[in-house]
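First the structure, in the form of structure tokens, and then the observations on it.
The values are calculated or read from the model by the stated rules, or taken from the named source; none is laboratory data. Fair warning: this is a prediction, and the values are worked out from it, not measured in the lab. Note that we place each Cβ from the backbone using ideal geometry, even for glycine, and neighbour counts take in every protein chain shown.
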Amino acid sequence: MSLSRHIDAEQIIAQSKDHHYKKHTDGHNRTLHRTWRRDEDAAAVPKYALPKHGINSKAAYQLLHDETALDGNPLLNLASFVHTWMPEDADKLIVENLNKNIVDLDEYPAASLIHNRCVSMLGDLWKAPKEGKVIGTATAGSSEAIMLGGLAMKKRWQEARKAAGKDYFHPNIVFGANAQVALEKFARYFDVETRLVPVKAEDGFIMNPHNALQYIDENTIGVMVIMGSTYTGHFENVKLMNDLLDKLQEETGLNIPIHVDGASGAFIAPFAHPHLQWSFDVPRVVSINTSGHKFGLVYAGLGWILWRDESYLHRDLIFELHYLGSVEYSFTLNFSKPAAPVIAQMFNFLNLGFEGYKRIAYKDLRNARTLSRALESTYFKVLSNIHIPLKPENHRNEHSDDPETYHSGLPVVAFRLSDEFKTVNPHVKQAWIQTLLRTKGWIVPNYGAPLGAEDVEILRVVVRETLSEDLIERLVVDILAITESLACKPFLFLSIAFETWRLIY
Ligand SMILES: Cc1ncc(COP(=O)(O)O)c(C=O)c1O
């Protein structure tokens, strides 16, 4: 199997080898690759077929250790929302619990209790009503959680339609075109029609609840509102959506629930924007998902979903398992799951507490504001708005550190080249900034805005806990140096040469 469509790199490499080694490169053996260890001959293993005999563990380690060195550095991966660092004590705890399966409730009762306490703490953080019985579970990430949230809404809608003797085969779901792929996956995998609400630059590239209304009808199972758009970090307005849906119900009788996709925002809003109404304090919010592995500050592999009351988790989704000697209830898509991420989540809850999470959210947002202002004062237009004061007059002399005095959103900086820069330097392609930053180790994506504003290109930095003030300073220096080098004359000639070459070929 060759990984390139145009040139067979493996064949070229095979033909370039010393004669002695060429014999290993014919037929299916072509895919052999070699490990090295100083104290033994290099061992050979096929690349795409299971080796008949294994190599020793040190050689296997070395082979993969070296190969993974080609990956980007997670610290400098500013494209990802996923957390990449935990304290040593958390690492130790994770290693101690790596071999436990959270689904084995009887065998690992402590892990199971810790799981339930995490659900309860999240319910409290998200203002679950005291009179209800909040229910929830850990998942592999927000994607699985969103599937479950969507399925629960679909089942409730179907049941109500069946009871009313109406067609229950054409469900649809409404969300903004800025939705992360997980939302569309839910719709496609579970046969629900997607109704995408186009976004506009002036709305911050997020769903405007007023525009969402026209996509809703009697077949709408719910609206998914995104707390923390992947594109720009803006929070969608959950409360306004709720109020508009109240009005819609008064006028039409349609009772539409809301699922909040809080993949990132459900771990930022409670700490940075405690007065914002977005969670279970908003009556139509029936379920919320988040990624423990994003601003929950755990390594990759953990999501959560909670329903405001167990009545919203349709009974068809709950399986009673008589397994390994006890009765268990399962309502996740996957059965087995590692216990370690859940235990790591509780480590953070205990170690950080509310004030610790708040400190980190404040710091991330402060660093994001610094980066936003630095970019905005040079060659860029910043499209995220967490650095813009709600009341500019209160900020006249000094910048406030309280996120509530700014527009709410994730610690994300979305930006593009300014119109002035583009006018003076029409030859500069924004995507080149991404490419050149990569040569310095930084991973900063450049991508198109969602449906409705597709012609806008966005560069985006996710400011996570590990992106210190010092690194922000280095990043600004590198972005500016790269942008200035692109603006200079030699690049102009290179760009003309490139465009000419493209036209000819
Ligand atoms: C808004 C939003 N929803 C859902 C997801 C999917 O989350 P996960 O990667 O935890 O499955 C993401 C991931 O970035 C996201 O930003």
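Taking the conditions exactly as written (in contact with a His (Cβ under 6 Å, 6 or more places away or on another chain) and either buried (at least 16 other Cβ atoms within 10 Å of the Cβ) or of a type in the set (S, T, N, Q) (or both)), does GLY176 satisfy them or not?
Working: in contact with a His (Cβ under 6 Å, 6 or more places away or on another chain): no; either buried (at least 16 other Cβ atoms within 10 Å of the Cβ) or of a type in the set (S, T, N, Q) (or both): yes.
When the stated conditions are applied, GLY176 does not pass them.
Can you pull out the residues in segment 313-352 that are among the hydroxyl-bearing types (Ser, Thr, Tyr) and over 18 Å from GLY149 (Cβ atoms)?
Across segment 313-352, the qualifying residues are TYR323, SER326, SER336.
Of all the residues that make up segment 253-276, how many are within 19 Å of VAL82 (Cβ to Cβ), part of a loop (DSSP other than H, G, I, E, B) and more than 10 Å from the ligand (Cβ to nearest atom)?
Within segment 253-276, residues that are within 19 Å of VAL82 (Cβ to Cβ), part of a loop (DSSP other than H, G, I, E, B) and more than 10 Å from the ligand (Cβ to nearest atom) number 1.
Given the options ARG315, ARG369, ARG359, ARG373, name the one that is under 28 Å from ILE433 (Cβ atoms), without any contact (Cβ under 8 Å) to a residue 24 or more places away in the chain and among the basic types (Lys, Arg).
The match here is ARG373.
Would it be correct to say that TYR406 is among the aromatic types (Phe, Trp, Tyr) and within 16 Å of ILE268 (Cβ to Cβ)?
Details: among the aromatic types (Phe, Trp, Tyr): yes; within 16 Å of ILE268 (Cβ to Cβ): yes.
Considered against the rule, which asks whether it is among the aromatic types (Phe, Trp, Tyr) and within 16 Å of ILE268 (Cβ to Cβ), TYR406 comes out as yes.
Of the conditions (1) surrounded by fewer than 24 Cβ atoms within 10 Å (Cβ to Cβ); (2) among the aromatic types (Phe, Trp, Tyr); (3) within 16 Å of the ligand (Cβ to nearest atom), PHE205 satisfies every one except a single condition; which number is it?
It fails just one condition, (1).
With the checklist (1) in a loop (DSSP other than H, G, I, E, B); (2) within 16 Å of the ligand (Cβ to nearest atom); (3) surrounded by fewer than 20 Cβ atoms within 10 Å (Cβ to Cβ) in hand, flag the one item SER229 doesn't pass.
(3) is the only condition that SER229 fails.
If we scan segment 371-380, do we find a residue that is crowded, with 22+ Cβ neighbours inside 10 Å, in contact with a Leu (Cβ under 7 Å, 6 or more places away or on another chain) and either under 25 Å from SER120 (Cα atoms) or aromatic (Phe, Trp, Tyr) (or both)?
Checked against the condition, which is being crowded, with 22+ Cβ neighbours inside 10 Å, in contact with a Leu (Cβ under 7 Å, 6 or more places away or on another chain) and either under 25 Å from SER120 (Cα atoms) or aromatic (Phe, Trp, Tyr) (or both), segment 371-380 yields at least one hit.
Step by step: first the residues of segment 179-191, then only those that are buried (at least 23 other Cβ atoms within 10 Å of the Cβ) and of a type outside the set (Gly, Ala, Ser), then the one that is nearest to the ligand (Cβ to nearest atom). Which residue is that?
Only one residue tops the list, namely LEU183.
Going by what's in this entry, would ALA340 be described as within 16 Å of the ligand (Cβ to nearest atom) and either without any contact (Cβ under 8 Å) to a residue 60 or more places away in the chain or closer than 24 Å to SER112 by Cβ (or both)?
Numbers: within 16 Å of the ligand (Cβ to nearest atom): no; either without any contact (Cβ under 8 Å) to a residue 60 or more places away in the chain or closer than 24 Å to SER112 by Cβ (or both): yes.
Judged against the criteria, ALA340 is not a match.
Among the candidates VAL282, VAL298, single out the residue that is farther than 15 Å from LEU113 by Cα, in a loop (DSSP other than H, G, I, E, B) and either in contact (Cβ under 8 Å) with a residue 60 or more places away in the chain or within 16 Å of the ligand (Cβ to nearest atom) (or both).
Details: VAL282 fails: either in contact (Cβ under 8 Å) with a residue 60 or more places away in the chain or within 16 Å of the ligand (Cβ to nearest atom) (or both).
Matching residue, one of VAL282, VAL298: VAL298.
So for segment 63-73 (the condition being of a type in the set (Ser, Thr, Tyr), more than 16 Å from the ligand (Cβ to nearest atom) and exposed (fewer than 14 other Cβ atoms within 10 Å of the Cβ)), does at least one residue qualify? Outline the logic, then answer.
Filtering segment 63-73 down to residues of a type in the set (Ser, Thr, Tyr) leaves 68.
Still in the running and more than 16 Å from the ligand (Cβ to nearest atom): 68.
Narrowing further to those that are exposed (fewer than 14 other Cβ atoms within 10 Å of the Cβ): 68.
Yes, segment 63-73 contains at least one residue that is of a type in the set (Ser, Thr, Tyr), more than 16 Å from the ligand (Cβ to nearest atom) and exposed (fewer than 14 other Cβ atoms within 10 Å of the Cβ).
State yes or no: is MET224 within 14 Å of the ligand (Cβ to nearest atom) and in a strand (DSSP E or B)?
yes
Within segment 57-78, identify whether any single residue is under 22 Å from PHE267 (Cβ atoms), assigned to a loop (DSSP other than H, G, I, E, B) and at pLDDT 95 or above, and answer yes or no.
Yes.
From (1) loosely packed, with under 15 Cβ neighbours inside 10 Å; (2) assigned to a strand (DSSP E or B); (3) within 16 Å of the ligand (Cβ to nearest atom); (4) not hydroxyl-bearing (Ser, Thr, Tyr), pick out the condition that doesn't hold for LEU321.
Answer for LEU321: the failing condition is (3).
Would you say LEU437 is of a type outside the set (Asp, Glu), closer than 17 Å to TYR231 by Cβ, within 23 Å of the chain's Cα centre (by Cα) and crowded, with 17+ Cβ neighbours inside 10 Å?
Details: of a type outside the set (Asp, Glu): yes; closer than 17 Å to TYR231 by Cβ: no; within 23 Å of the chain's Cα centre (by Cα): yes; crowded, with 17+ Cβ neighbours inside 10 Å: yes.
Against the criterion (of a type outside the set (Asp, Glu), closer than 17 Å to TYR231 by Cβ, within 23 Å of the chain's Cα centre (by Cα) and crowded, with 17+ Cβ neighbours inside 10 Å), LEU437 does not qualify.
Might you check whether a residue that is within 16 Å of the ligand (Cβ to nearest atom), closer than 18 Å to THR332 by Cβ, touching a residue at least 60 places away in the same chain (Cβ under 8 Å) and not in a helix (DSSP H, G or I) occurs anywhere in segment 192-199?
Of segment 192-199, the ones within 16 Å of the ligand (Cβ to nearest atom) are 194, 196-197, 199.
Next, only the ones that are closer than 18 Å to THR332 by Cβ stay: none.
No, because not a single residue in segment 192-199 is within 16 Å of the ligand (Cβ to nearest atom), closer than 18 Å to THR332 by Cβ, touching a residue at least 60 places away in the same chain (Cβ under 8 Å) and not in a helix (DSSP H, G or I).
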